[in-house]
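This report refers to the structure that appears directly beneath it.
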Amino acid sequence: MSAQVLIWWGTQSLEKQSPWWRVGGLAFTLAVGIYSLLLVNDTPLAIRISFYCVFYAVMHLTVLRLLLKSQYRSRTGYRLYTSIVSILLILYGLRIQFAFDTPFNETTLSHRYIFVYYMILMAEFVKFVTFVYLCFERLEYTLCQLALQDTLTQLPNRRAFVTQTTQRLEDDTVHALLLADLDNFKSINDVYGHLAGDQVLIAFSQHLQHIAQQEGALCARTGGEEFILLLSGNSVKRVQHIALQLRRQIEACQVRTEQGHIIRFTVSVGVAIHRRHQPVTINQLFECADGALYEAKARGRNRIEFALTEHHAAPSSVAPMRATTSVPCEESNTDLPKRYLTRQSLT
């Protein structure tokens, strides 16, 4: 009984259930244990066996309910664990049935009952091993998620983005890569603090993720205040509209800090568009978008610059109607930060 309760608690902890379930499970187990010690010891053997089997079946049903409601139920470990629990439910039902092969005034168990009893022992051992495997599978999944996700914005990181884009770029279609960089982000951190800067990053990531979900695109935070968005299958006109929509949304966005300050910020976007009917690599798109972003920064920020991968002509630009930035701006000059002068591959 204690082993069954521990397995149930373990499954609840794995699924992050409320601790009140564990308290209720403990109270239920104590009540059943006291009842079995005080009242059922003088009852016939078949009745006692049935009593315990019903208890085990109830525990397995609660575990099965947790497994079937889990968001990870399609994973291999969960399928194995669910199958073993289902088999045990059947075996406990057979054990109850075969327990009544024994007359009420005797204690000799039938061969069928003994066979089912040993089958249950083996299945319980397999269930324990499967539960351990399930725990390691969840641990591996959690570590993979942490390795592929930006903890602040909950967006995929650069590694996850590169992994997901490899297959998409093999399609013979129009691809567009948007490389976005928040303008004067260092000034936000210096004036309002890094916590306010984190709020700005989260606000921008939410806008970017909303657009990505609408367009079926991939987005990620590549580092610092830099973000990336990959569009596939969209027309050039649609790509221009999406980029302009992102810039306008950010220009109208306001972030309120815990101290009551309101921060407005802008974004510069470099867009690389690939129209040729031939494969393109993520590094080629990134280098082209990086050059367009370089132009957007050089021409005053809060701009969108477009470039084609087919040639190295100067990108076309979309400038804002007006500049609205409430944070202290850096001195206007054509010199760009050093990180824009060095081209680095995405991978």
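The values are calculated or read from the model by the stated rules, or taken from the named source; none is laboratory data. Please read these numbers as outputs of a predicted model, since none were measured by experiment. A quick note on method: Cβ atoms are made from the backbone with ideal geometry, for glycine too, and the neighbour counts reach across all protein chains shown. Surface accessibility is based on the protein's heavy atoms, side chains included, excluding ligands, DNA and RNA. Shrake-Rupley method; radii C 1.70, N 1.55, O 1.52, S 1.80 Å.
Here is how the numbers come out for the structure above:
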| read-out | value |
| --- | --- |
| Among residues of the stretch 164-191, those that are within 27 Å of the chain's Cα centre (by Cα), touching a residue at least 12 places away in the same chain (Cβ under 8 Å) and either at positive phi or loosely packed, with under 14 Cβ neighbours inside 10 Å (or both), counted | 3 |
| Test: residue in the stretch 89-102 that is open to solvent by 40 Å² or more (accessible area, probe 1.4 Å), within 30 Å of L208 (Cβ to Cβ) and either touching a strand residue (DSSP E or B) at 6+ places or on another chain (Cβ under 9 Å) or not aromatic (F, W, Y) (or both) | no |
| Candidate set: the stretch 194-246, residues that are assigned to a strand (DSSP E or B) and open to solvent by 10 Å² or more (accessible area, probe 1.4 Å); chosen: the one farthest from A180 (Cα to Cα) | S232 |
| Residue in the stretch 267-297 that is farthest from R238 (Cα to Cα), counting only those that are small (G, A, S) and in a strand (DSSP E or B) | S268 |
| Candidate set from the stretch 107-128 (those that are assigned to a helix (DSSP H, G or I), at pLDDT below 90 and not hydrophobic (A, V, I, L, M, F, W, C)); member that is most open to solvent (accessible area, probe 1.4 Å) | H111 |
| Scope the stretch 162-182; condition more than 18 Å from F306 (Cα to Cα) and acidic (D, E); matching residues | E170, D171, D172 |
| Considering residues of the stretch 149-163 that are at pLDDT 85 or above and assigned to a helix (DSSP H, G or I) only, the residue nearest to the chain's Cα centre (by Cα) | A160 |
| Residue satisfying all of: in the stretch 34-68; open to solvent by less than 30 Å² (accessible area, probe 1.4 Å) and over 30 Å from L80 (Cα atoms); modelled with the highest pLDDT among these | A46 |
| Candidate set: the stretch 248-270, residues that are touching a Pro at 6+ places or on another chain (Cβ under 8 Å) and either of a type in the set (G, A, S) or open to solvent by less than 10 Å² (accessible area, probe 1.4 Å) (or both); chosen: the one farthest from L293 (Cα to Cα) | T266 |
| Number of positions in the stretch 294-311 that are under 16 Å from F265 (Cβ atoms) and among the aliphatic types (A, V, I, L, M) | 2 |
| Which numbered condition I84 fails, given (1) in contact (Cβ under 8 Å) with a residue 40 or more places away in the chain; (2) touching a Leu at 6+ places or on another chain (Cβ under 6 Å); (3) of a type in the set (V, I, T) | (2) |
| Flag if R159 is in contact with a helix residue (DSSP H, G or I) (Cβ under 7 Å, 6 or more places away or on another chain) and free of Cβ contacts under 8 Å to residues at least 60 places away in the same chain | yes |
| Residue match in the stretch 129-152 (condition: under 20 Å from V280 (Cα atoms), open to solvent by less than 60 Å² (accessible area, probe 1.4 Å) and among the hydrophobic types (A, V, I, L, M, F, W, C)) | no |
| Where a residue in the stretch 198-211 is within 16 Å of Q254 (Cβ to Cβ) and its partner, wherever it lies, is modelled with pLDDT of 95 or more and open to solvent by 20 Å² or more (accessible area, probe 1.4 Å), with Cβ under 7 Å and at least six apart | none |
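Listed here are the residues, each with its yes/no results for (1) among the small types (G, A, S); (2) free of Cβ contacts under 8 Å to residues at least 60 places away in the same chain.
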site: I228; (1), (2): no, no
site: L231; (1), (2): no, yes
site: A243; (1), (2): yes, no
site: T257; (1), (2): no, no
site: H261; (1), (2): no, no
site: T266; (1), (2): no, no
site: V271; (1), (2): no, no
site: R275; (1), (2): no, no
